[in-house]
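Colleague: I have a structure here, written as structure tokens, and I will follow up with some questions on it.
Read the figures in this text as sums done on the coordinates, not as results from a lab. On a predicted model such as this, the values are computed, not experimentally measured, just so you know. Cβ placement follows ideal geometry from the backbone for every residue including glycine, while neighbour counts extend to all protein chains displayed.
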Amino acid sequence: MGVLSTTEFPLVDHHCHGVVTAEQDRAGVEALISEGGAPPAGETNFDTPIGLAIRRHCAPLLDLPPHASPEDYLARRAELGTAEVNRRFLAATGTARFLVDTGHNPSGLTTPEQITALTGSPADHIVRLESVAEALAADGVEPDEFGEAFASRLAATVAETGAAGVKSVAAYRTGFRLDPAPPTDAEVTTAAARWLGTGGTRLADPVLQRLTLEAALGLGLPIQFHVGFGDSDIRMTDVDPTLLTDWIRRHRVPVMLLHCWPWHRQASYLACVYPNVQVDVGSVLHYVGPRRSVEVLAEVAEVTPFTRLLYSSDAYGAPELYVLGAHAFRVALAALLRDRVESGEWAAADAERIGHLVAHGNAERVYAR
């Protein structure tokens, strides 16, 4: 195998979600292929970079020519049915292991076990911290018992699912301007009383956010942080990952910075100077398309040690996102390796070794069972 192609590299997708199991009409497909959801009247999400990429790279997997019209694509997709489309698309990614965040609107999505059944590849749970807290609140808990009850519930959830890691969506809820010190019992009780008193339905309290992270530290598992690119409730000025610097300095558990664009260079810096920080550029690759993915991966690789750079798709709902994520990553990684070899900076053997590290080896080490 030469370094000019990465098609034979197995992938470990260290952050993804399930795919939908119900049949989808055009509106359903269009809502799933954009972080912004369904397009406004008179527009279509097929007139976006990702929409065009789907017609180019996913259509052939449905036995259609590249660039098939949206109408032909959707008709063929409906003819095959969701189960067959899911099977074809996930199999085409060459993914050897999936790490699945089950905390975001899991109803109607495949479980990790169902992904294994579809692909034959192992799939592990990633437990979302905020979802555990919200489930605890729904079951009923007294404010002065919340801290201890959360730690107990989190540990039980991780043990029950055999989770390989946990994830924080502080980026969506409070941003990263968090006091790195653990909250006191009194702070937790006051914050829990305030949150539970408003219904306890969406954890967005900075004190309780700190509590969830402190509880997660006790598990010794990798902690994933959503960073940067995401849904419309992100406030981008509050999710620069360097805002986590003081928190990172206090702890030595693996910190996994997900997606990161447009803060990918800041994330790269953190991975360079803190040995427990790992980064990827996740979902943005399939939104910018294969050609631009080359530049994005090259930018995050500028100072990131190659032992701390990972792959993820962040695919959610639409199996097309798995295909595009894997394809864009492979194109970008091949271009990176080719550039280093053809310039004479690297030996071909080093490029192949580093390619395997980034595609799967680093994730296998960090998420070792």
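Colleague: Select from Val127, Val279, Val288 the residue whose mean-square fluctuation is largest in a Gaussian network model of the chain (Cα-Cα springs shorter than 10 Å).
Modeller: So, out of Val127, Val279, Val288, the one fluctuating most is Val288.
Colleague: Please find the FRET efficiency linking Glu295 to Thr201, where r is the Cβ-Cβ separation and R0 is fixed at 41 Å, and quote it to the nearest 0.05.
Modeller: Calculated value: 0.50.
Colleague: Also: What's the exposure ranking of Phe229, Phe176, Phe329, Phe306, going from fewest to most Cβ atoms within 10 Å?
Modeller: Phe306, Phe176, Phe229, Phe329
Colleague: Output ³J(HN,Hα) for region 65-71: one whole-Hz value per residue in order, computed from phi by the Karplus curve 6.51 cos²θ - 1.76 cosθ + 1.60 with θ = phi - 60°, and x for Gly and Pro.
Modeller: For region 65-71, the Karplus-derived couplings read x, x, 6, 3, 5, x, 5 Hz, x marking Gly and Pro.
Colleague: Under a 5 Å amide H to amide H cut-off, with H placed in plane at 1.01 Å, what residues pair with His15 once short-range neighbours are removed?
Modeller: Leu99, Ser313, Asp314
Colleague: Hey, another quick one. What does a probe at Ala159 reach in region 206-237, counting residues whose amide N is under 19 Å from the point 7 Å along Cα→Cβ?
Modeller: Counting backbone N atoms under 19 Å from the label point, the list is 215-222.
Colleague: What's the angle, to the nearest 10 degrees (0 to 90), between helix 264-273's Cα axis and the longest principal axis of the chain?
Modeller: That works out to roughly 70 degrees.
Colleague: Nearest 5 percent is fine: what portion of the DSSP beta bridges confined to the chain is antiparallel?
Modeller: Once the DSSP bridges in the chain are tallied, antiparallel ones form about 5 percent.
Colleague: Compute the Cα gyration tensor for region 115-218, then decide on rounded, prolate or oblate, letting a ≥ b ≥ c be the square roots of its eigenvalues: rounded whenever a/c is under 1.5, prolate when a/b is larger than b/c in the other cases, and oblate in all that remain.
Modeller: In terms of gyration-tensor shape, prolate.
Colleague: Next question, about the same structure. Compute log10 of I(q)/I(0) for the chain with the Debye formula, placing one identical point scatterer on every Cα and leaving out solvent, at q = 0.09, 0.10 Å⁻¹, to two decimals.
Modeller: Treating every Cα as an identical point scatterer, log10 I(q)/I(0) equals -0.50, -0.62.
Colleague: Could you tell me which of rounded, prolate or oblate describes region 263-336, using a ≥ b ≥ c as the square roots of the eigenvalues of the alpha-carbon gyration tensor, with rounded for a/c under 1.5 and, failing that, prolate when a/b is larger than b/c and oblate otherwise?
Modeller: Note, shape of region 263-336 comes out prolate.
Colleague: What residue among His327, His251, His57 shows peak mean-square fluctuation when the chain is described by a Gaussian network model with Cα springs under 10 Å?
Modeller: His251
Colleague: Considering only Leu129, Leu310, Leu62, give the residue with the highest GNM mean-square fluctuation for the chain, with springs between Cα atoms whenever their separation is below 10 Å.
Modeller: Ranking Leu129, Leu310, Leu62 by mean-square fluctuation puts Leu62 first.
Colleague: Hey, what angle do you get for helix 206-217 against the long axis of the chain, alpha-carbon based, 0 to 90 degrees rounded to 10?
Modeller: Long axis of 206-217 versus the principal axis of the chain: about 70 degrees.
Colleague: For Val132, what charge total do you get from the other residues with a beta carbon under 12 Å from its beta carbon, if Lys and Arg give +1 and Asp and Glu give -1?
Modeller: The answer is -1.
Colleague: Another question about this same structure. How far is helix 185-197 tilted, in degrees, relative to the longest principal axis of the Cα atoms in the chain, given as a value from 0 to 90 rounded to the nearest 10?
Modeller: Between the helix axis and the principal axis of the chain, the angle is about 70 degrees.
Colleague: Here's a follow-up. Scan around Trp261 for amide H atoms under 5 Å from its own, H built in the peptide plane at 1.01 Å from N, and keep only partners 5 or more places away or cross-chain.
Modeller: Phe229
Colleague: If only Cα atoms are counted, what is the Rg of region 24-80, and what is its Dmax, in Å?
Modeller: 10.7, 30
Colleague: Further, regarding this structure: So how far apart, in nm, are the two label points at Asp233 and Glu23 if each is 7 Å from Cα heading toward Cβ?
Modeller: Spacing of the two 7 Å Cα→Cβ label points: 3.2 nm.
Colleague: Kirkwood hydrodynamic radius, region 104-157, all distinct C-alpha pairs: what's the number in Å?
Modeller: So the Kirkwood estimate lands at 12.9 Å.
Colleague: Another question about this same structure. Starting from 0.36 nm per residue, how many nanometres of slack lie between Ala347 and Arg265 once their C-alpha separation is accounted for?
Modeller: Result: 26.9 nm gained on full extension.
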